[in-house]
Amino acid sequence: MHAVDYFQAFAARRIPVVTDSTIGSEIAKKHGFTTVDFDDFDFSSPSNTAFLLITTYETHTRLRDLWDTAKAVVAHLALAKFDCSAETIGYSMAKLLTAPFSDTLNMRKNAYADMLCANCIEFDSKGQKFICRFSDDVLIANNEDKMEPGWMYSVAEFFEASIVNIAGKETSFIVNGEFRFDGMIYLCNNAELKQKFGNVLTPLMKNCAAGNNTIFFKDSIAEKILIGGVDVTEQFVSTFSKLEQGLRAMEIALGCVDYPEPVDWNQNSVINEGTLGLHIGIGMGLEMPHIDFISSRARVVGAVEA
């Protein structure tokens with residue numbers, strides 16, 4: 001199935017929302033969807049198509065097991081790793097349904113081309129330029145337009161053009177310069193990470209709403225971080241610098257969704273990272289959360305000398 005056909009079917013409420021919680025089901029029904037309990041959906045049938053709304057870590061773990069058996073065409077919104085409160089679930093579903101899906105997928109195709117047009121690219125974030133140098137062999141998250149049966153796709157991978165670094169592998173990219181951002185979100189791959197770091201990161205995330213947020217990168221390491229005009233570098237250094245990859249940029253991605261209304265930076269939702277612009281992520285998500293810093297309307301300026 002082509003991704004645009006899938007998302008248009010979703011927008012038209014022609015496919016069910018498979019949920020793992022009562023609140024998820026209630027919110028999906030408010031938006032006009034038929035819902036199916038996760039335990040009752042037949043993932044083994046190639047004729048089935050669904051949208052998965054995942055709100056618990058237990059269900060997310062079960063998704064990994066489905067890679068070996070599933071035949072259905074599905075994509076998931078995994079809020080369990082972010083914030084799975086009723087407020088954020090409601091915000092995320094409502095926001096998702098405003099996305100111009102066809103335009104977004106076209107923009108994603110162009111965004112990959114723009115980023116990979118040269119080995120060294122200049123970006124602009126709110127009037128400030130910074131540089132990204134790519135290696136000869138980059139690791140792309142997903143640039144396919146077709147959705148294969150049995151794959152557990154994340155909705156986010158269709159809303160961005162993402163290049164990633166993986167620990168222990170050859171570096172895909174190195175960034176240098178000043179990156180100005182509007183907001184941040186963070187992903188915790190397990191409940192222990194969320195419990196350990198959530199109380200640290202949530203206030204910082206909300207403080208981004210004040211504006212004047214900047215990261216200074218040198219050879220992909222975040223050397224200085226300002227949030228709301230306040231220098232929070234030491235807080236990030238003391239919390240994360242000794243963990244896996246610490247303050248090293250592990251992802252750079254162009255967001256491709258031109259939402260009709262601005263996103264709410266008080267919401268820790270994966271929906272926010274796809275907003276039209278650019279985000280840079282630190283952390284692998286294993287020992288520490290993966291933290292995305294998002295600059296709306298940031299853009300590729302063009303190729304520069306390496």
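Any read-out appearing in this document is the output of simple, stated calculations on the displayed coordinates, not a laboratory observation. Remember, it's a predicted structure, so these values are computed and weren't measured experimentally. Using ideal geometry, Cβ is built from the backbone for each residue, glycine included, and neighbour counts are taken over all protein chains shown.
Brief remarks follow.
- Remark: spin-label model distance LYS129-ASP68 equals 5.3 nm, labels positioned 7 Å along the Cα→Cβ axis.
- Of all lysines in the structure, the ones whose alpha carbon falls short of 26 Å from that of LYS146, not counting any fewer than 8 places away in one chain, are LYS71, LYS81, LYS95, LYS109.
- Euclidean distance of C-alpha centroids, the range 276-306 and the range 81-142, integer Å: 8 Å
- Theoretical FRET efficiency, 1/(1+(r/R0)^6), r = Cβ-Cβ of VAL301 and LYS169, R0 22 Å, to 0.05: 0.20
- Paramagnetic label zone (point 7 Å from Cα along Cα-to-C-beta, ASP42; backbone N under 13 Å) in the range 1-25: none
- Simple spin-label estimate for GLU87 and ASP136 gives 5.1 nm between the two label positions (7 Å along the Cα-to-Cβ direction from each Cα).
- Rounded if a/c under 1.5, otherwise prolate or oblate - the range 3-99, Cα gyration tensor axes: oblate
- Averaged over residues, the count of other Cβ atoms within 10 Å places the peptides 171-181, 258-268 in the sequence 171-181, 258-268, highest first.
- Entry note, the chain: the mean residue ellipticity at 222 nm calculated from DSSP H runs of n ≥ 4, each adding -39500 (n - 2.57), is -8000 deg cm²/dmol after division by the residues and rounding to the nearest 500.
- One Cα centroid belongs to the range 30-71, the other to the range 197-241; the line between them spans 36 Å.
- Measuring max minus min along each principal axis, the C-alpha atoms of the chain give extents of 51, 40, 38 Å (largest first).
- Look at the alpha carbon pairs under 8 Å that are at least 6 residues apart: their mean separation over the length of the chain gives a relative contact order of 20 percent.
- All-pairs alpha carbon distance profile, the range 139-303, 10 Å steps from 0, percent: 10, 40, 38, 10, 1
- Figure legend: label point modelled 7 angstrom from the Cα of THR34 along Cα→Cβ; residues of the range 51-68 with amide N under 17 Å from it are 51-53.
- Distance (nanometres) between label positions extended 7 Å along Cα→Cβ at ASP5 and GLU148: 1.8 nm
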